[in-house]
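Peer 1: Dumping the structure here so I can ask a few things about it.
The values are calculated or read from the model by the stated rules, or taken from the named source; none is laboratory data. Just so it is clear, the model here is predicted, and its values are computed rather than measured. Backbone-built Cβ (ideal geometry, glycine too); neighbour counts: all protein chains shown.
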Amino acid sequence: MFEPQDDARVFALPPGVDFPQELINGMLARLDGQPPEALGRVHLIVNTRRMARRIQARLAEGPARLMPRVSLVAELGRDWTMADIAPPAPPLRRRLELIQLISSLLDAQPDLAPRTALHDLASSLAALMDEMEGEGVPPDVIDALDISDQSGHWERIRTFLNIVRHFTEGRGAPGAEARQRQIVQRKIAAWQSAPPEHPVLLAGSTGSRGTTQMLMRAVARLPQGAVILPGYDFDMPAHVWDSMGDAQLSEDHPQYRYKALRDALELSDMARWTNAEPASPARARLVSLALRPAPITDQWLDEGPKLDALEGAMEGVTLIEAPSHRIEAQVIAMRLRHAAETGQTAALITPDRGLTRRVAAALDRWGIIPDDSAGMPLHLSPPGRFLRHVAELALRPLTAEALLTLLKHPLTHTGGKRGTHLRLTRELELHLRRNGPPFPTAQSIAAWAATQSEPMAQDWAAWIGRHLAGREAPDALPLEERVAVHLATAEAIADGCAPERTSELWREEAGKSARALCDLLTGEAPEGASMTATDYANLFGALLRGEQVRSAVAPHSGILIWGTLEARVQGADMLILAGLNEGSWPEAPAPDPWLNRALRHRAGLLLPERRIGLAAHDFQQAVLAREVWLTRSLRSDESETVVSRWLNRIQNLLSGLPDQGGDAALAAMRARGRDWLDQAAALEDVQRTDPAKRPAPRPPVDARPNRLTVTEIKRLIRDPYAIYAKHVLKLRPLDPLMRAPDALLRGTVLHEVFETFIRQTMEAPDRLTREALMEVAVAVLKDKVPWAEARTLWLARLDRVADWFIETEHERRALAMPTAFEAKGQAEMADLGFTLVAEADRIDIDDTGCLHIYDYKTGTPPSAPEQKQFEKQLLLEAAIAERSGFDNLTPSRVARAIYIGLGANPAEVAAPLDEEPPEDVWRDLGELISAYRTQRKGYVSRRALQKKGDTGDYDQLARFGEWDITDDPAPEEMP
């Protein structure tokens, strides 16, 4: 295939050409005239399986021929001569061993790092070990770095890095990178002792890793060996290549890796593999100049004016500058839909997985499923989410939220009778929302099941009690035990209480991937140390996040989503380079907790800018496609974005070349983009509708409520619409699943505290002490409030008012004796067919038979003016007491009605009975109810709320926000 030569044999193809096709073309051209078996003797080594498949597919499209041997760089170890090299240690095993060692180190020296960083430290240390092995950097090199460290930071780092030495000094199987390096070294030694006579071609790699570059140098010097580089910039002058000698200044340039390879092989230039050119050579020259290394961009002034035909060069480029991520995804989806309709092959290329998910969601409206090469992260798949939820059962006592999350999961109870399971789940959810408890137990669920008529309810509740309730185990347990319990619990929950078949947990692609991962974890668990529930949940979640799963649904063959690497080896009619913002493309380098840039350079490790350089190389190749879109969003969810450095350079260079048509080309790119943005706006454009008016519904009189509580009278005055929604429409706010320790619960609990205390002191007056009150409070809070923080806070608040309450309670006892608690009463307005009901917290009776009504308030009691106009609870209770009485109490005169305020400033606030006697209050109530018994009176929304910021349970139903309180009500007759 090749003539003998002394120099290394390296060829290259320019950016923007179809690399696999041109690789085949050059290979066939060099074998022209040779016998058919010549192609079969070629050994072709490529860097990705996708490239191997594409080369084989392209060769299969031609005439019948012998196929070359195609293998991957990572598969060289499959040769029988490598059988004695130990297989690599599973990455999971290494991570578990590192976790164990780091945990022991932190136990001995707790000041080194917090234990919450255990998994992050193990992962980053494992990555550093892989890199050291791949680059051939022994631990002694790191240890020998001379650092002037006054703070002791370097010494702490070296303590961790000593763990690396523990692994590299012959302990266990080698890592994957160390084994690959051994394989390459042995392969090179074998070639040196017996050079192969057949052609060996290494194609598609950029040589960014030390082991791969070592292999490339060896192949290039074989008698019939050659290296073929993708995306080599032939337009870059020699003086630019010479300027890229310093890695710390040039590592982020797309061509830097080729500069390092040229220096290693002592090459002054590269030969072309074929004469193929990109679709637009003029665009290639423009991009090459735009991406010059930062220190020499002043060459734009000299070389920029030499560029020509810029409008034609950028004719196939469209620039989309969308106002938001959502609009960017919408425009991309529209272009992909157009490609699907016209039979065009279109590929979206971006490292931003959030953007690809938004595009896929936008395509779903047209029933288009893109062929996403990366798939879905396993931790976001149904089995991944399910397994994570099960692992979290061990973290803390079961909450109602966690219970319902698992019971409603689509994989739960899929072993049989899932319909019954869903019905019971619905009933249980309603029960928990209405009655609690916020932390269900096996006993509380069993008690609920006993009230259900469903035959399966009790078995179902027992199943919950066995596998979901009471599973907390936060303390350290052997990893092997944790994994076994976790998987057994997951399978039991997925099977259900009455399994009739195998559950769906391990089915489909995601289930099979999760099963494989769990089997691997089970096999390696004996190598791990004991773990707390938190550490195990973090480890399991990290393992799931490291896996991807492809959808089992057949995608559209022409609508593709690729990562940046795949753009090197794949071909499409048009490419969309999306997410071109700093931090997205290129991605920001991950922080290195061990070595800074200078130390990495001195040690011979890869610089953080390496990934930026590789991304720049991918961008340079993709942007030279025949038709290409460049898209970005001007704003993220939080702030304005910064344009990607590469796109920014292209824009700046074009705008600085008006005489060559650069500014016109840029304007045309933006104009094409605006056309598509306008189409996206038209797609989402809706006809304006008038906002809702302030409602004041007028239901029929016979549909209006004829029974209200005294606390609802305040609502009838302030927000009549809430009464309409509750009593006419029969709507009730759905109680929260997890009842929070809010003001409502605090009031309920403190009411019970004082009622219990007062009852006890009636039987034992000597217990009317501060100590007895706090004793009752502790007992009630322990029983009713499962939140330790809330118990502590509420107990402290009660402690501050305890002395005042005892003192004033003695005064209250001197006036009257407690007689009734939570007493129920009602009074009727026969002429209106209306009944008012009430429940008094406490009623005392004095020696004259007069009543003293008390109501406990944990907040600030209403003032006398407020009670006259709105807060009529005590005034109305006094009216009921004098008209019909409470419980077994006969109607009697009310001497006092008092709010006992138990807030930060405890106080007694009396109801103004002298100014608002019960007779007048009752008459005023009759007038209010009479007004609402007429058809012309509407239930106005937010009629007189105390504060503008107050919210109501039915504000959304009233569409508050489309109108405000300054709008006049719009009465509406209701059927």
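Peer 1: Taking segment 1-49 on its own, how many of its residues are polar (S, T, N, Q) and under 41 Å from the mean Cα position of the chain (by Cα)? Outline the logic, then answer.
Peer 2: Restricting attention to segment 1-49, the residues satisfying the condition of being polar (S, T, N, Q) are 5, 21, 25, 34, 47-48.
Adding the requirement that they be under 41 Å from the mean Cα position of the chain (by Cα) leaves 21, 47-48.
Qualifying residue count for the region: 3.
Peer 1: Which of the residues spanning segment 678-716 are more than 45 Å from the chain's Cα centre (by Cα) and assigned to a helix (DSSP H, G or I)?
Peer 2: Within segment 678-716, the first condition is being more than 45 Å from the chain's Cα centre (by Cα), and the residues that meet it are 698-710, 713.
Correct list: VAL701, ASP702, ALA703, VAL710, ILE713.
Peer 1: Among (1) over 13 Å from PRO695 (Cβ atoms); (2) touching a Gly at 6+ places or on another chain (Cβ under 8 Å), where does PRO975 come up short?
Peer 2: It fails just one condition, (2).
Peer 1: Another question about this same structure. Note down all Cβ pairs under 6 Å where the first residue falls in segment 379-396 and is without any contact (Cβ under 8 Å) to a residue 24 or more places away in the chain, the second is buried (at least 20 other Cβ atoms within 10 Å of the Cβ), and they're at least six residues apart or on different chains.
Peer 2: HIS389/LEU406
Peer 1: Filter the helices (runs of 4 or more DSSP H) completely within segment 10-128 down to those with at least 1 residues that are closer than 30 Å to LEU161 by Cα, among the hydrophobic types (A, V, I, L, M, F, W, C) and out of contact with any helix residue (DSSP H, G or I) (no Cβ under 9 Å at 6 or more places or on another chain).
Peer 2: On the way: elements: 19-30, 37-40, 49-61, 91-108.
Once the helices (runs of 4 or more DSSP H) in segment 10-128 are filtered for at least 1 residues that are closer than 30 Å to LEU161 by Cα, among the hydrophobic types (A, V, I, L, M, F, W, C) and out of contact with any helix residue (DSSP H, G or I) (no Cβ under 9 Å at 6 or more places or on another chain), what remains is 91-108.
Peer 1: Could you check how many residues of segment 847-859 are outside any strand (DSSP E or B) and in contact with a helix residue (DSSP H, G or I) (Cβ under 6 Å, 6 or more places away or on another chain)? Can you show your working first?
Peer 2: Within segment 847-859, the subset outside any strand (DSSP E or B) is 847-850, 858-859.
From what's left, in contact with a helix residue (DSSP H, G or I) (Cβ under 6 Å, 6 or more places away or on another chain): 858.
Matching residues across segment 847-859 total 1.
Peer 1: Using the structure shown, decide if GLY901 is under 30 Å from ARG800 (Cβ atoms) and out of contact with any helix residue (DSSP H, G or I) (no Cβ under 8 Å at 6 or more places or on another chain).
Peer 2: Details: under 30 Å from ARG800 (Cβ atoms): yes; out of contact with any helix residue (DSSP H, G or I) (no Cβ under 8 Å at 6 or more places or on another chain): yes.
Here the answer is yes, as GLY901 does meet what is asked.
Peer 1: Given the structure, is ARG93 modelled with pLDDT of 80 or more, farther than 27 Å from TYR232 by Cα and under 31 Å from the mean Cα position of the chain (by Cα)? Give the steps one after another, and end with the answer.
Peer 2: Numbers: modelled with pLDDT of 80 or more: yes; farther than 27 Å from TYR232 by Cα: yes; under 31 Å from the mean Cα position of the chain (by Cα): yes.
Judged against the criteria, ARG93 is a match.
Peer 1: In addition: Run GLU915 past the list (1) part of a loop (DSSP other than H, G, I, E, B); (2) crowded, with 19+ Cβ neighbours inside 10 Å; (3) among the acidic types (Asp, Glu) and report the number of the one that doesn't hold.
Peer 2: So the condition that GLU915 fails would be (2).
Peer 1: Then there's this: Can you pull out the residues in segment 187-212 that are at pLDDT 90 or above, outside any loop (DSSP other than H, G, I, E, B) and not β-branched (Val, Ile, Thr)?
Peer 2: Those that are at pLDDT 90 or above, outside any loop (DSSP other than H, G, I, E, B) and not β-branched (Val, Ile, Thr): LYS187, ALA189, ALA190, TRP191, GLN192, SER193, LEU201, LEU202, ALA203.
Peer 1: Would you confirm whether or not segment 726-742 contains a residue that is surrounded by 20 or more Cβ atoms within 10 Å (Cβ to Cβ) and either in contact (Cβ under 8 Å) with a residue 40 or more places away in the chain or over 30 Å from GLU811 (Cα atoms) (or both)?
Peer 2: Quick first cut of segment 726-742, residues surrounded by 20 or more Cβ atoms within 10 Å (Cβ to Cβ) only: none.
Scanning segment 726-742 turns up no residue that is surrounded by 20 or more Cβ atoms within 10 Å (Cβ to Cβ) and either in contact (Cβ under 8 Å) with a residue 40 or more places away in the chain or over 30 Å from GLU811 (Cα atoms) (or both).
Peer 1: Within segment 357-379, track down each residue that is assigned to a helix (DSSP H, G or I) and either among the β-branched types (Val, Ile, Thr) or surrounded by fewer than 16 Cβ atoms within 10 Å (Cβ to Cβ) (or both).
Peer 2: As a first pass, look at segment 357-379 and keep what is assigned to a helix (DSSP H, G or I): 357-366, 378-379.
Across segment 357-379, the qualifying residues are VAL359, ALA361, ASP364, ARG365, TRP366.
Peer 1: Out of THR48, THR81, which single residue is in contact (Cβ under 8 Å) with a residue 60 or more places away in the chain, touching a strand residue (DSSP E or B) at 6+ places or on another chain (Cβ under 9 Å) and either over 30 Å from ILE24 (Cα atoms) or of a type outside the set (Gly, Ala, Ser) (or both)? Talk me through it step by step, then tell me what you get.
Peer 2: Working: THR81 fails: touching a strand residue (DSSP E or B) at 6+ places or on another chain (Cβ under 9 Å).
Result of the check over THR48, THR81: THR48.
Peer 1: Right, here's the next one. Hey, among the residues in segment 800-839 that are among the hydrophobic types (A, V, I, L, M, F, W, C) and free of Cβ contacts under 8 Å to residues at least 12 places away in the same chain, which one's surrounded by the most Cβ atoms within 10 Å (Cβ to Cβ)? First the steps, then the outcome.
Peer 2: Initial filter on segment 800-839 (among the hydrophobic types (A, V, I, L, M, F, W, C)): 801-802, 804-806, 814-817, 820-821, 823, 827, 829-830, 832, 834, 836-838.
Okay, now just the ones that are also free of Cβ contacts under 8 Å to residues at least 12 places away in the same chain, so 814, 830.
Numbers: ALA814: 9, ALA830: 7.
Out of the qualifying residues, it is ALA814.
Peer 1: A follow-up question, please. Just to check your reading of the model, which residue among ARG257, ARG272 is in the same structural domain as ALA247 (by TED's automatic domain parsing), in contact with a His (Cβ under 9 Å, 6 or more places away or on another chain) and in contact (Cβ under 8 Å) with a residue 60 or more places away in the chain?
Peer 2: On the way: ARG272 fails: in contact with a His (Cβ under 9 Å, 6 or more places away or on another chain).
On inspection, the qualifying residue turns out to be ARG257.
Peer 1: I would also like to ask the following. Return the total of residues in segment 26-42 being touching a residue at least 60 places away in the same chain (Cβ under 8 Å) and surrounded by fewer than 18 Cβ atoms within 10 Å (Cβ to Cβ).
Peer 2: Here is the first cut: in segment 26-42, the ones touching a residue at least 60 places away in the same chain (Cβ under 8 Å) are 26-27, 29, 41-42.
Going one step further and asking which of them are surrounded by fewer than 18 Cβ atoms within 10 Å (Cβ to Cβ), we end up with 29.
The qualifying residues number 1.
Peer 1: Scan segment 771-783 and report the pairs whose first residue is more than 24 Å from SER444 (Cα to Cα) and whose second residue is not in a helix (DSSP H, G or I), with Cβ atoms within less than 9 Å and a gap of 6+ or a chain change.
Peer 2: Matching pairs, first to second residue: ALA772/ALA764.
Peer 1: Would you say GLU527 is within 30 Å of ILE368 (Cβ to Cβ) and acidic (Asp, Glu)? Walk me through it before giving the result.
Peer 2: On the way: within 30 Å of ILE368 (Cβ to Cβ): no; acidic (Asp, Glu): yes.
In short, no.
Peer 1: While we're looking at this one, here's another question. Would you confirm whether any residue within segment 542-549 is of a type in the set (Gly, Ala, Ser) and over 25 Å from the mean Cα position of the chain (by Cα)? Break it down into steps so the answer makes sense when it comes.
Peer 2: Keep residues of segment 542-549 that are of a type in the set (Gly, Ala, Ser), which gives 542, 546.
In the following step, the residues that additionally are over 25 Å from the mean Cα position of the chain (by Cα) were identified as none.
No; the residues of segment 542-549 include none that is of a type in the set (Gly, Ala, Ser) and over 25 Å from the mean Cα position of the chain (by Cα).
Peer 1: Which condition from (1) touching a residue at least 24 places away in the same chain (Cβ under 8 Å); (2) closer than 19 Å to GLY604 by Cβ is the one that PHE234 breaks?
Peer 2: Tallying (1) touching a residue at least 24 places away in the same chain (Cβ under 8 Å); (2) closer than 19 Å to GLY604 by Cβ, PHE234 fails exactly one: (2).
Peer 1: I would also like to ask the following. Could you list all residues from segment 578-611 that are within 20 Å of THR211 (Cα to Cα) and either more than 28 Å from the chain's Cα centre (by Cα) or in contact (Cβ under 8 Å) with a residue 24 or more places away in the chain (or both)? First the steps, then the outcome.
Peer 2: Pass one, segment 578-611, residues within 20 Å of THR211 (Cα to Cα): 600-611.
Of everything in segment 578-611, those that are within 20 Å of THR211 (Cα to Cα) and either more than 28 Å from the chain's Cα centre (by Cα) or in contact (Cβ under 8 Å) with a residue 24 or more places away in the chain (or both) turn out to be ARG600, HIS601, ARG602, ALA603, GLY604, LEU605, LEU606, LEU607, GLU609, ARG610, ARG611.
Peer 1: Could you figure out which of (1) under 39 Å from the mean Cα position of the chain (by Cα); (2) of a type outside the set (A, V, I, L, M); (3) under 17 Å from GLN621 (Cα atoms) isn't true of GLU251?
Peer 2: Tallying (1) under 39 Å from the mean Cα position of the chain (by Cα); (2) of a type outside the set (A, V, I, L, M); (3) under 17 Å from GLN621 (Cα atoms), GLU251 fails exactly one: (3).
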